[in-house]
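Visitor: Below: one structure in structure tokens.
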Amino acid sequence: MPELPEVETVVRGLRAALPGRTITGLRLGKTDFIENVEHLETVLPGARIEEVRRFGKFIALRLAPPLANNGSRPAHWLLVHLGMTGQFTVCRPDSPGRPHTHVWLALDDARELRYTDIRRFGRMRLVAEGDLPAFLSRLGGEPLEVPFAEFRAALARRARIKALLLDQRVFRGLGNIYTDESLWRACIHPMRLGARLAPDELRALYAAVRRVLADAIRHRGSSISDFVDSAGSPGDYQRRHRAYGREGRPCYRCGAAIRRVIVAGRSSYFCPRCQPAPRGVRAKHPARRSARRG
């Protein structure tokens, strides 16, 4: 599933291509992932894209109404969640159509913005500008922006640290890949309780999260299966994973075999030597699968 670095990579590409463009046409395929299709069909044609931002794992396009409707129609935000296999790309209209493309937005510079999603676990919805704060209030803080004191307070709970980092109400944008990478870098087992982390461990984790996310953004995200940026190009950070997907392979730090355990319903990869399990926890590790994982 695309996480913060992948979504940020797409947003940066869209930000370079879309502001100032007007949506001149809309064509839809399957629409079961779109909230209120009729609203989309009413608002998008003629709207001008003024801004592209990222809110956690959401791509957000601010849409100004057509000039003729400036006084009668509010600005809206088009919010797009890529789900597991979503792609949001800018294409020439004569470029070959990819299977499972469900949304085509024609632009006034003769290009198209296309949304493709094989599994259709993504989401697309319009939010009136006045309703955006309420929507964002359901999300946690941006991990690259939150100060340490807020980071520390958010994790001071009797819940597994992996589960806390995955919870979008705690921090928006983190997912399975970058929590595993951050916990490996900070030498913290994913089953540790947030409230039991020592101050120096929290400092190490805070630095690790910020470093891992920044590095992943610089390398344009991780392309493990379907992720591509707004131009259709894959990322490169998957070559730099130190824990995620490396079950059975040697730890880059100590040489012990990376192991896998289920935490919060998700596979979690860690080094049993560098990231010792909390006292009293005897995790049942799933049987080792193929050493080559994605």
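Visitor: With respect to A64, is the statement that it is surrounded by fewer than 18 Cβ atoms within 10 Å (Cβ to Cβ), among the hydrophobic types (A, V, I, L, M, F, W, C), over 17 Å from G122 (Cα atoms) and out of contact with any helix residue (DSSP H, G or I) (no Cβ under 9 Å at 6 or more places or on another chain) true?
Guide: no
Visitor: Now for a different question. Within the group R152, R157, which residue is without any contact (Cβ under 8 Å) to a residue 60 or more places away in the chain, of a type in the set (K, R), under 27 Å from C274 (Cα atoms) and not in a loop (DSSP other than H, G, I, E, B)?
Guide: After ruling out the rest, the residue left standing is R152.
Visitor: Just the residues that are out of contact with any His (no Cβ under 7 Å at 6 or more places or on another chain), of a type in the set (D, E, K, R) and at pLDDT 95 or above, please, taken from segment 106-127.
Guide: Matches in segment 106-127: D108, D109, R111, E112, R114, R125.
Visitor: May I pose another question? Regarding segment 70-86, can at least one residue be identified that is aromatic (F, W, Y), crowded, with 20+ Cβ neighbours inside 10 Å and assigned to a strand (DSSP E or B)?
Guide: Within segment 70-86, one or more residues are aromatic (F, W, Y), crowded, with 20+ Cβ neighbours inside 10 Å and assigned to a strand (DSSP E or B).
Visitor: (1) without any contact (Cβ under 8 Å) to a residue 40 or more places away in the chain; (2) surrounded by 15 or more Cβ atoms within 10 Å (Cβ to Cβ); (3) within 20 Å of E6 (Cβ to Cβ): which one isn't true of R239, the others all being true?
Guide: Condition not satisfied by R239: (2).
Visitor: Further, regarding this structure: Just the residues that are among the charged types (D, E, K, R), crowded, with 16+ Cβ neighbours inside 10 Å and in a loop (DSSP other than H, G, I, E, B), please, taken from segment 210-236.
Guide: Passing the criteria: R220, D226, D229.
Visitor: How many of the residues in segment 253-294 are in a loop (DSSP other than H, G, I, E, B), charged (D, E, K, R) and either surrounded by 18 or more Cβ atoms within 10 Å (Cβ to Cβ) or at pLDDT below 95 (or both)? Reasoning before the result, please.
Guide: Applying the first criterion (in a loop (DSSP other than H, G, I, E, B)) to segment 253-294 yields 253-256, 258, 264-265, 271-294.
Within this subset, residues satisfying the condition of being charged (D, E, K, R) are 253, 273, 279, 282, 284, 288-289, 292-293.
From the residues that got through so far, the ones that are either surrounded by 18 or more Cβ atoms within 10 Å (Cβ to Cβ) or at pLDDT below 95 (or both) too are 279, 282, 284, 288-289, 292-293.
Residues meeting the conditions: 7.
Visitor: Here is a further query. Restricting to segment 112-139, what's the tally of residues that are in a loop (DSSP other than H, G, I, E, B), in contact (Cβ under 8 Å) with a residue 60 or more places away in the chain and not β-branched (V, I, T)? Before you say what the answer is, go through the steps one by one.
Guide: Here is the first cut: in segment 112-139, the residues in a loop (DSSP other than H, G, I, E, B) are 118-122, 137-139.
The next check asks that each one be in contact (Cβ under 8 Å) with a residue 60 or more places away in the chain; those that pass are 118, 120-122, 139.
Checking the rest, the ones that are also not β-branched (V, I, T) come to 120-122, 139.
Adding up the residues that qualify gives 4.
Visitor: Residue under question is A207, and the condition is that it be in a helix (DSSP H, G or I), surrounded by fewer than 21 Cβ atoms within 10 Å (Cβ to Cβ) and not hydroxyl-bearing (S, T, Y); does it hold?
Guide: Taking the combined requirement at face value, the residue satisfies it.
Visitor: For A214, work out the one condition from (1) over 25 Å from A17 (Cα atoms); (2) at pLDDT 95 or above it doesn't fulfil.
Guide: Of the numbered conditions (1) over 25 Å from A17 (Cα atoms); (2) at pLDDT 95 or above, the odd one out for A214 is (1).
Visitor: Test S182 against the criterion of being free of Cβ contacts under 8 Å to residues at least 12 places away in the same chain and of a type in the set (S, T, Y), and give yes or no.
Guide: No: the conditions fail for S182.
Visitor: Here's something else I'd like to know. Give me a count of the residues in segment 7-38 that are farther than 24 Å from S223 by Cα, among the charged types (D, E, K, R), in contact (Cβ under 8 Å) with a residue 60 or more places away in the chain and outside any strand (DSSP E or B).
Guide: 4
The values are calculated or read from the model by the stated rules, or taken from the named source; none is laboratory data. Note that the structure is a prediction, hence the values are computed from the model and not measured. For neighbour counting, all protein chains shown are included, and Cβ atoms are generated from backbone atoms with ideal geometry for every residue, glycine included.
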